[in-house]
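The values are calculated or read from the model by the stated rules, or taken from the named source; none is laboratory data. None of these values were measured; they are calculated from a predicted model. Here the Cβ is made from the backbone with ideal geometry for all residues, glycine too, and neighbour counts use every protein chain on show.
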Amino acid sequence: MTLLARHMPKVLIINASARHDGETARTIDYIFGAMKDKKNTSIINLYEKDVRHYNYDNHHQDDDFLPIMDQILQSDVVVFATPVYWYSMSGRLKTFFDRFSDIIMEHKTIGRALKDKKCYLIANGYDINMPEDFQKPIQSTCQYFQMAYKGAFYYSVGQHQAVIDENECRKNAAEFGKQIYQD
Ligand SMILES: Cc1cc2nc3c(=O)[nH]c(=O)nc-3n(C[C@H](O)[C@H](O)[C@H](O)COP(=O)(O)O)c2cc1C
């Protein structure tokens, strides 16, 4: 069956970089290519959003967290794209994940509706490899909400030409992207 004949999943990419046009955006381009401009695929740049830190009073009803959650609920697949900042996910992504506490306390129906959504992680950093256990928090969070964690793709932006074949990396990125629509 061709890709077009299948049900095309709705894919939401959340870019958690500290800039909207940096290496994370470039990595998203390598993975999604022209797919990212299709109707069934959208990108949210957390950099442009107002997602405030979690607090124990859940006093954030008016920021962008719930509208973003609504977009996740309207999608089949959510892709978190983050740079590696100090061996971990970006602060913006961590702040976003902390707010998941709101959807288990205050907005429980949203938390429950995450069940069975597919989730992928895209990371990019200077080092050749993704830091050990980098996926763990995302993987465990998916498990908590009974989402299907489908895996990660890491793109190294460092100057490692001696050991990395750039063309091969881009080919692998495009393959990973294709897989997201076929899984
Ligand atoms: C605050 C900060 C911390 C970083 N920490 C790491 C790190 O721990 N490991 C790594 O491989 N690269 C690290 N880098 C490099 C970035 O991951 C890399 O340049 C990435 O491609 C940046 O993506 P962006 O342009 O979307 O921010 C760091 C960069 C910044 C700005």
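Tabulated data for the structure shown
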{"read-out": "Among residues of segment 108-139, those that are free of Cβ contacts under 8 Å to residues at least 12 places away in the same chain, surrounded by 11 or more Cβ atoms within 10 Å (Cβ to Cβ) and among the hydroxyl-bearing types (Ser, Thr, Tyr), counted", "value": "0"}
{"read-out": "Residues of segment 140-159 satisfying the condition of being surrounded by 15 or more Cβ atoms within 10 Å (Cβ to Cβ) and either among the aliphatic types (A, V, I, L, M) or on the phi > 0 side of the Ramachandran plot (or both)", "value": "147, 152, 157"}
{"read-out": "Lone qualifier among 34, 81, 18 - being in a helix (DSSP H, G or I) and not acidic (Asp, Glu)", "value": "34"}
{"read-out": "Residues within segment 111-132 that are more than 13 Å from the ligand (Cβ to nearest atom) and either at pLDDT below 95 or part of a loop (DSSP other than H, G, I, E, B) (or both), tallied", "value": "4"}
{"read-out": "Of the criteria (1) buried (at least 17 other Cβ atoms within 10 Å of the Cβ); (2) in contact with a strand residue (DSSP E or B) (Cβ under 9 Å, 6 or more places away or on another chain); (3) part of a helix (DSSP H, G or I), which one residue 100 fails", "value": "(2)"}
{"read-out": "Filtered residues of segment 47-85 (kept if closer than 14 Å to residue 100 by Cβ and within 16 Å of the ligand (Cβ to nearest atom))", "value": "80"}
